[in-house]
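Peer 1: One structure coming up, written as structure tokens, with questions to follow.
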Amino acid sequence: MTLRPKPALMNRRQALCKMGAGFGMMSLAGILGESLARAAENSAGNPWMATDPHFQPKAKRVIFLFMNGGMSPIDSFDYKPALEKYNGQPMPGGILSHERQVGGVMKSPFSFKKYGQSGAEVSEIWPHLAECVDDICFVKSVYTEIPNHEPALRMMNTGANIPGRPSMGSWVTYGLGVTNQSLPGFVVLCPQTPTTVGPPLWSSTFLSPMYQGTYVSDKVDKQEFDPKKLIFDAYNDRFDLKQQRKELDLVEQLDKMDLASDSSANHDPQLEATISSMETAYRMQTEAPDVFDVRKESEAVQKLYGDGSTARGCLTAARLVERGVRMVQVYYSMGDPWDHHYDIELHRKTAKDSDQPFAALIKDLKSRGLFDETLIVCGSEFGRTPVVETGGGFGGGTHNGRDHNPHGFTMWLAGGGVKGGMSYGATDDFGWKAVDKPVHVHDIHATILYLLGIEHTKLTYRYSGRDYRLTDVSGNVIHDIIA
């Protein structure tokens with residue numbers, strides 16, 4: 001005789017969640033970062049709804065252009081004549097800590113010119129962005145204490161060099177909510193999973209998963225655009241939208257009936273968040289195809305951005321913020337593509353891929369009337385040394401590159417309440433260390449939040465017995481760069 005175990009009874013939450021799985025949308029809901037829980041402390045309302053900032057904001061949204069791997073400021077925006085004078089000689093005064101074997105001073109192989117009314121000096125590898133210098137604030141004295149990619153990437157994106165902290169985009173959506181319920185509040189764009197860290201850079205960790213970033217691959221041929229390839233399992237091939245709507249309504253009705261009939265039934269924020277995520281996933285099936293299809297832009301706009309994944313990412317970012325997405329992060333590509341240890345000449349390619357799209361983003365946001373309320377931030381996890389790297393490893397016999405340099409590097413900001421046509425802070429004569437008005441990454445984060453109307457010391461979340469925040473226990477707003 002075959003024994004058949006009696007099926008276990010399901011409680012309300014299990015039953016409704018199992019029904020919800022029939023939508024074929026739960027994986028999308030997970031990607032959206034809101035499928036697991038609705039924050040218990042905000043259970044009386046919808047914490048994903050837009051909320052008022054602490055004070056009047058200068059910006060409403062953020063686009064973070066990330067050159068993962070380590071862009072070299074002294075070959076881009078921080079011209080140092082001393083590199084030419086001492087080229088090939090030992091570093092005067094000795095050298096700071098570094099990762100690999102290095103040699104003497106190495107001049108930049110690229111020429112610099114002054115541009116705009118501000119007279120900003122920009123490398124030849126950034127000709128399009130050079131035309132926009134009067135809209136840009138170059139912060140030339142950024143620093144951290146971290147010389148390795150993984151912890152430095154975590155610091156730049158989460159405010160901590162250790163795992164387990166929420167990303168900046170998660171903090172932003174936690175603090176401000178979203179303005180478009182049909183799209184995620186935080187979107188991450190990259191052809192393939194970016195960097196050596198990956199999803200933890202846009203994770204919400206102990207914040208509600210509804211604040212997690214939504215990763216979207218833009219590795220889609222522009223001529224054969226298929227929105228189903230952008231977000232894995234975003235579409236239900238078994239049920240059409242009408243059928244999905246009926247099932248959603250049934251789940252919500254059963255939930256309300258159960259709560260109404262059983263006075264002892266506890267409110268389950270996790271279940272409510274699951275139902276809410278299904279709604280967003282349902283609506284996104286109609287919204288996403290439009291917003292991610294850059295072919296709908298005019299030929300002139302597409303030509304302005306150029307070709308390539310960075311161009312598509314920047315144009316998509318403009319379209320997303322136009323529809324109310326709070327934060328969009330555009331990575332150059334997977335891995336550490338700006339990490340040019342053995343030949344800094346490779347910066348020509350990565351800069352060429354980025355230069356036109358970055359400049360186009362500034363110009364396009366202006367034409368859409370969004371520049372003044374959209375903050376653009378651009379940078380890497382660290383800079384590169386002014387001395388040549390001579391260590392072995394992959395790269396063969398070429399020794400024309402630079403090692404990691406966290407002691408002083410450049411980031412730039414534009415739009416969204418930032419003064420254009422200025423430089424703030426400075427590194428030493430060789431571009432090694434921040435010496436004038438040093439700016440820690442915590443200060444960058446504090447300034448971004450300030451421009452969004454958030455007092456960074458008040459944006460906290462209590463977890464495991466203590467209050468956490470993006471800026472940890474430090475961070476100062478850089479008021480001098482704010483318009």
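The values are calculated or read from the model by the stated rules, or taken from the named source; none is laboratory data. Please read all numbers here as calculations on a predicted model, not as lab measurements. We place every Cβ from the backbone using ideal geometry, glycine too, and count neighbours over all the protein chains shown.
Peer 1: Restricting to region 291-341, and then to whatever is farther than 20 Å from GLU373 by Cβ and of a type in the set (Ser, Thr, Tyr), can you tell me which residue is surrounded by the fewest Cβ atoms within 10 Å (Cβ to Cβ)? So that I can check it myself, show each step before the final result.
Peer 2: If we filter region 291-341 for residues that are farther than 20 Å from GLU373 by Cβ, which is where we start, we get 292-300, 302-313, 331-341.
Among the residues that remain, those that are also of a type in the set (Ser, Thr, Tyr) are: 298, 305, 309-310, 331-333.
Values: SER298: 8, TYR305: 25, SER309: 21, THR310: 29, TYR331: 27, TYR332: 26, SER333: 21.
Restricting to residues being farther than 20 Å from GLU373 by Cβ and of a type in the set (Ser, Thr, Tyr), the top hit is SER298.
Peer 1: For region 447-463, indicate whether the set of residues that are in a strand (DSSP E or B) and in contact (Cβ under 8 Å) with a residue 60 or more places away in the chain is non-empty.
Peer 2: Going through region 447-463, the residues in a strand (DSSP E or B) turn out to be 461-463.
Imposing the further condition that a residue be in contact (Cβ under 8 Å) with a residue 60 or more places away in the chain reduces the set to 461, 463.
Checked region 447-463: at least one residue is in a strand (DSSP E or B) and in contact (Cβ under 8 Å) with a residue 60 or more places away in the chain.
Peer 1: Can you pull out the residues in region 464-473 that are surrounded by 15 or more Cβ atoms within 10 Å (Cβ to Cβ) and of a type in the set (Ser, Thr, Tyr)?
Peer 2: Matches in region 464-473: TYR468, THR471.
Peer 1: In region 424-449, what count of residues is obtained for those that are out of contact with any Leu (no Cβ under 9 Å at 6 or more places or on another chain) and within 15 Å of ALA483 (Cβ to Cβ)?
Peer 2: Looking only at that region, the number is 1.
Peer 1: Report, ordered by the first and then the second residue, all pairs with beta carbons closer than 6 Å, sequence separation of six or more or different chains, a first member in region 75-98 that is without any contact (Cβ under 8 Å) to a residue 60 or more places away in the chain, and a second member that is surrounded by 13 or more Cβ atoms within 10 Å (Cβ to Cβ) and assigned to a loop (DSSP other than H, G, I, E, B).
Peer 2: Taking only residues 6 or more apart or on different chains, the pairs are GLU84/LYS107; ASN87/LYS107.
Peer 1: Further question on the same structure: Taking region 345-375, which residues are over 16 Å from ALA130 (Cβ atoms) and either modelled with pLDDT under 95 or within 17 Å of the chain's Cα centre (by Cα) (or both)?
Peer 2: Hits for region 345-375 are THR374, LEU375.
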